[in-house]
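Working notes for the structure below.
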Amino acid sequence: MHVPFDPAAGLEEVLRSAAVTAGLPDAAAFRPEVRPADPRHGDFQANGVLGHAKARKLNPRAVAEQLVAALPAGPRDAFDVAIAGPGFINFTLRPAALHAWLGAHTDAAALRTGAAGLARTHSGRTWVVDYSGPNTAKQMHVGHLRSAVIGEAICRLLEFTGARVIRDNHLGDWGTQFGKLIYGYKRWADQAALAEDAIEELERLYRLGNDATPEGSPELDEARRELVKLQQGDQGNVALWRTFSEVSLAAFQRIYDRLGIRFDHHLGESFYNDKVDRVYRELTEAGIAEDSAGALVVFHDDHPRFSRDAERPNPFMVRKADGASGYASTDLATALYRSEHFGADGIVIVTDFRQSDHFEQLFLTVRRWFAAKGHRLPELHHVTFGAVTGEDGKALKTRSGGTIRLKALLDEAEERALAIVTEKNPGLSEAERREIARVVGIGAVQYADLSQNRSSNYVFSWDKMLALEGNTAPYLLYAVARIHSIFRKAGVAPGDTAAFATADAPAEATEVALARKLVKFPDAVRQAVDGLRPHYLGLYLFELAGDYSSFNNAEKVLVEDPVVRARRLLLCARTLLVLETGLGLLGLRTLTRM
Ligand code: ARG
């Protein structure tokens, strides 16, 4: 039996070579376009015949028939094949092929490899993913949640599909605010408070510094002098600034640990300080940047909003009129560094949609600049997301109207989950309940974000994200725990292949439906990684859990008949594998009991 490891990708290849065998005109240009199908029609559908035939004035149905006739024996045995409508080809996996798939996918590695496997999608390619990127000397607040959660899921999806991923935290660690902070620090720093909660104290010192330096005051001149000293490398100020970065990073890392995030680099804006002169020089030499009242700017004349003739001209500010660098300057230097130093084939930057104009201008500028100078150009992606709002549709705030700190939000998630776990499972020890609450609470927050299309605003609702029903983390984690409990009852480990040796092919309707859903895991991953949209994988996992639940309600797993029992346990084991792997790709941890 031909084992369709990754059926859609496998069919894509099979159909391409069938086109050659069948002598189809322009066979080399034929794209089968195999996609998961409406389950009523089959598992996969090839949509590409129609377009190819029409463009060459051929009869699509006749072309489809030719292709089907040219299918080699392996795939022909694995699928029921039917031609539908004007020339679609539908493929339905036969039970024996489903069984072969289940038997072959023994672990997560098997899910990503195989003849046409997922792991080849990005193999040999380096991706730099720039996410989180908070500003130092400030707390992370709820606005920082989405970038961290979405960015980490994208890293894992890219890695799973073969990429070398470099996680880079582009900290906001440079800028005029440090003059005021140093001004405040030198006058009012409270060492005990710093030792207790450094960021809290730095925020207080910045507020004091800011209040004490109004526009036009001699105090503001003093704060500016502190900034200039820092920029010129004054030892004392540099040492202070370094401490600010260190204590900030330590606090950020406590949040990242809870979210399962580990950066490879923290190359913040300050790192590019000595790299912006080259940017100015090259952009000027290439005739891309020009002087505008002392500033160095870039226009894009074929763009409606960024051309010099735009209604409200909005050039990309490469260097400010006072000679200072800014967000644009450092981001340009960052792009070059990632290309030259990391050899990036792709760059993903994850921020909220309000930075869209900045990145559009950045990418336009980088494309022209790299072409002019012969720098190697990576794929550039700005991954945007909508705002987090409360259930009233307004920005999420604390009861007193302040911004919600990320730490407090994660604490609250765990507390709320603990209350639920305690109610459902009063018999577990306190330590067990806390551990479960940690996974469920944090997972609920992550998954609430990842389960929706990132482009939409996201309505933050504790009740919805912690519900045991619906497309939520608790629902999926509960499905995982429930399968583990079946294996405990059976006295078999889910990874114990020998336990499934006697299994036969899926037979009952809910068994077949579940198996047909399982084989579509690679397609869900592909869709998520191609669009850099993790919610496609979330939706798939939710549907899979639903198919599992239908199966579980209809069929008893631990029956006497050893063949049926093994067959159902095999389905349980693969559902577990796909759910755990999929949730792991989204950055969630899972539990064996709940
Ligand atoms: N520090 C920025 C912010 O807080 C995010 C950085 C995003 N990355 C970048 N290369 N600009 O909005």
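The values are calculated or read from the model by the stated rules, or taken from the named source; none is laboratory data. Everything numeric in this text was worked out from a predicted model, so none of it was measured. Virtual Cβ from ideal backbone geometry, glycine too; neighbours counted across all protein chains shown. Note: areas computed on protein heavy atoms with side chains; ligands, DNA, RNA excluded. Shrake-Rupley method; radii C 1.70, N 1.55, O 1.52, S 1.80 Å.
The table for this structure:
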| item | result |
| --- | --- |
| Cβ-Cβ under 6 Å pairs, at least 6 apart or on other chains, segment 406-426 side polar (S, T, N, Q), far side modelled with pLDDT of 95 or more and open to solvent by less than 90 Å² (accessible area, probe 1.4 Å) | Thr422/Arg433 |
| Some residue of segment 191-203 being open to solvent by less than 10 Å² (accessible area, probe 1.4 Å) and within 14 Å of the ligand (Cβ to nearest atom) | no |
| Flag if Arg376 is more than 26 Å from the chain's Cα centre (by Cα) and more than 16 Å from the ligand (Cβ to nearest atom) | no |
| Whichever residue in segment 362-373 is within 14 Å of the ligand (Cβ to nearest atom) and open to solvent by less than 10 Å² (accessible area, probe 1.4 Å) and, among such residues, is farthest from the chain's Cα centre (by Cα) | Thr365 |
| Selection from segment 149-172 of residues that are near the ligand (Cβ under 9 Å from one of its atoms) and either open to solvent by 10 Å² or more (accessible area, probe 1.4 Å) or more than 18 Å from the chain's Cα centre (by Cα) (or both) | His170, Leu171, Gly172 |
| Segment 173-186: number of residues that are among the charged types (D, E, K, R) and either more than 14 Å from the ligand (Cβ to nearest atom) or open to solvent by 40 Å² or more (accessible area, probe 1.4 Å) (or both) | 2 |
| Test result for Val480, in contact (Cβ under 8 Å) with a residue 60 or more places away in the chain, of a type in the set (A, V, I, L, M), touching a strand residue (DSSP E or B) at 6+ places or on another chain (Cβ under 8 Å) and open to solvent by less than 10 Å² (accessible area, probe 1.4 Å) | no |
| Any chance Val383 is within 16 Å of the ligand (Cβ to nearest atom), under 19 Å from Met317 (Cα atoms) and either touching a helix residue (DSSP H, G or I) at 6+ places or on another chain (Cβ under 9 Å) or assigned to a loop (DSSP other than H, G, I, E, B) (or both) | no |
| Condition broken by Thr403, with the remaining ones in (1) at pLDDT 95 or above; (2) over 21 Å from Ala289 (Cβ atoms); (3) within 16 Å of the ligand (Cβ to nearest atom); (4) open to solvent by 30 Å² or more (accessible area, probe 1.4 Å) satisfied | (1) |
| Identity of the residue in segment 126-148, under 18 Å from Tyr447 (Cα atoms) and within 9 Å of the ligand (Cβ to nearest atom), that ends up surrounded by the most Cβ atoms within 10 Å (Cβ to Cβ) | Ser132 |
| Filtered residues of segment 266-275 (kept if of a type outside the set (Gly, Ala, Ser) and open to solvent by less than 20 Å² (accessible area, probe 1.4 Å)) | Tyr272 |
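Results for (1) of a type in the set (A, V, I, L, M); (2) at pLDDT 95 or above; (3) over 18 Å from Arg94 (Cβ atoms), shown as yes or no for each residue.
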| residue | (1), (2), (3) |
| --- | --- |
| His2 | no, no, no |
| Ser17 | no, no, yes |
| Ala22 | yes, no, yes |
| His52 | no, yes, yes |
